[in-house]
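Visitor: So that we are looking at the same thing, I have put the structure below in structure tokens.
The values are calculated or read from the model by the stated rules, or taken from the named source; none is laboratory data. Small disclaimer: the values here were computed from a predicted structure and weren't measured. Here the Cβ positions follow ideal geometry from the backbone for every residue, glycine too, while neighbour counts run over all protein chains shown.
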Amino acid sequence: MTKKIPHPTTPRRERAFLVGVEFYGKQQLLNLEDSLAELTLLADTAGVDVVGELTQKLQRPHVVTYIGPGKVVELKALAEETLADVVIFDDELSPRHQRELEKALGLTIRVIDRTALILDIFAQHAHTREGMLQVELAQYEYNLPRLTRAWTHLERQAGGGGGRAGSTGGVGLRGPGETQLEVDRRGIRNRITHIKHELEKVEAHRMRYRAQRKRSRIPIVALVGYTNAGKSTLLNRLAKSEVYVANQLFATLDPTTRRVQLPGDDLALVTDTVGFIQKLPTSLVAAFHATLEEIAEADLLLHIVDISHPNALGQFQAVQETLAEIDADHIPMVTALNKADRLNHPENAREILENFPKSVAISALTGIGIPGLLYLIHEELFEAYTPVHVRLPYKEGALISLFHELGLVERVEHERGGVVIQGRIPGRLLAQFSPWQAKPMPAENTLENVQEGGKEEV
């Protein structure tokens, strides 16, 4: 009797072998073991099973194959033994390294790097038109210099400088491979130009939306943090909403904004943004420029840290570096140490708080510490004042009025091109005035002296 084998309901997951390299003397936010553990999570999020890993310590990347020739041989044997479909490197590979590694490992095993893996995850999770355009742009810009890999079989047919009829001065006739390659490159460049044009339209719409929000005078709080730190869960808790949540990296990409009630019947607009990660591809930072501007335009940053993670401080520093990269590190920030309910000894949270400025331990899942967090946010937005000295052009009349309306003016001086104001403003307004920072006024140049006609130059 023949036994029927049922057809699988889901396709077989690909099998991946991981490769990590530690370079002597190079400081990393995560050590090699933690970085590979994170790469394993990324692979799982992408729908890939990890079947093994290989590590090596080097002074510098090997010029041809990134890892040493002996390790390449070892990697080939291990990948074949574990039936790996793909080898994933924990760092970004140059096009040459990728090409030479695939030659050495054989045609049946693909080689990708951390950047390609993250791009694949983003492609799976982008759902809005803006998100899909941003991911497509990043993918094209990443793949453009690697396009030659797809046409190596035709490049062998292309005419070289030697022995081919019609060759002149070492430059041969253009063969079919090179022709097809140039056609594809031109097509990709045209597509990149088109996507950038479409993203400009989206960015213009987003700028109008941001201007409308600013006119409402409701302060904007941007949630930032390492991926899977619990930002979406916290937004749901604060706004009593139902934003998509999943226990995986980069579960949400597209920014989501909700109204949140603060103590004293004040309101804030809280925006959930894409999670950060160490070694975040520069192409993604560039492609998500418009989305990341939601962070740069915020009045306050709420940094979510997974306090239960063994390298919480390293993740905190990785986010801080990314914020500096997008020029958002000057914005006032409070820190929510999330997942406090997972600590074996919750009393240890008090000691951990000392490592993070303006922080409170919370659990977005259970609600622990949420009232204290809301109080801290309200204090930063409406009660904490920051001393500033600004030189505002007269055309920035709205900012001048805003300073007088919501700030504490201590000194003022009118000049030919604008007005210099010294005083204190709510922390949430600091980002709007930061482009106009000026040197402090002389001590004797008081508001009373200015009103009596004194106009000493600043």
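Visitor: Could you tell me which of the residues D91, D49, D44 is assigned to a strand (DSSP E or B), acidic (D, E) and under 26 Å from the mean Cα position of the chain (by Cα)?
Guide: Checking each option against the conditions leaves just D49.
Visitor: Taking the stated definitions as given, is E379 more than 19 Å from Q261 (Cα to Cα), assigned by TED's automatic domain parsing to the domain that holds L235 and free of Cβ contacts under 8 Å to residues at least 12 places away in the same chain?
Guide: For E379, the condition - more than 19 Å from Q261 (Cα to Cα), assigned by TED's automatic domain parsing to the domain that holds L235 and free of Cβ contacts under 8 Å to residues at least 12 places away in the same chain - is not met.
Visitor: Could you tell me which residue of the stretch 408-458 is modelled with the highest pLDDT, considering only residues that are out of contact with any helix residue (DSSP H, G or I) (no Cβ under 7 Å at 6 or more places or on another chain) and polar (S, T, N, Q)?
Guide: Among them, the one singled out is Q422.
Visitor: Select from the stretch 348-393 the residues that are modelled with pLDDT of 90 or more and of a type in the set (F, W, Y) and list them in ascending order.
Guide: Matches in the stretch 348-393: Y375 only.
Visitor: Mind listing whichever residues of the stretch 18-41 are in contact with a Ser or Thr (Cβ under 7 Å, 6 or more places away or on another chain) and in a helix (DSSP H, G or I)?
Guide: L32
Visitor: Criterion first (outside any strand (DSSP E or B), loosely packed, with under 12 Cβ neighbours inside 10 Å and at pLDDT below 70) does E405 satisfy it?
Guide: So E405 does not fit the description; no.
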